């Protein structure tokens, strides 16, 4: 018989989560995966429209909130993936990422991608491990 590990999901209540059938974050044992996260506020509006740095800060705060709901913190993040609409935004986005994760230093990838929604400039996903 296979060993069953509990699975816990959290939602931030965005319409995307219900529409596409996904959780903001999922924890199985010590592992946490945070879905691609955009700067969507509680009312479904884009936070920081036109400003990639503001969107990045909002997104990382949102990711931190999801981690906290699962008993983790940003200190537990081991991997981030950052997607930017415009490659010219890499510098301000990387700087905010560096402010937040400078002492944590997760593995990271930043790539240019066509994001869903014209006002979204940044999308970030994260993985955490709770030792």
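The values are calculated or read from the model by the stated rules, or taken from the named source; none is laboratory data. Since we're looking at a predicted model, the values are computed, not measured. All Cβ positions, even for glycine, are placed from backbone atoms using ideal geometry, and neighbour counts span all protein chains on display.
Hey, does segment 74-91 have a residue that's touching a helix residue (DSSP H, G or I) at 6+ places or on another chain (Cβ under 6 Å) and touching a residue at least 60 places away in the same chain (Cβ under 8 Å)?
No, that holds for no residue.
Being more than 14 Å from the chain's Cα centre (by Cα) and within 14 Å of residue 124 (Cβ to Cβ): is that true of residue 29 here?
The answer is no for residue 29.
If I filter segment 3-13 for residues that are surrounded by 13 or more Cβ atoms within 10 Å (Cβ to Cβ), in a loop (DSSP other than H, G, I, E, B) and at pLDDT 95 or above, do I get at least one hit?
No.
Give the residue, chosen from 48, 44, that is surrounded by fewer than 21 Cβ atoms within 10 Å (Cβ to Cβ), in a loop (DSSP other than H, G, I, E, B) and modelled with pLDDT under 95.
The conditions single out 44.
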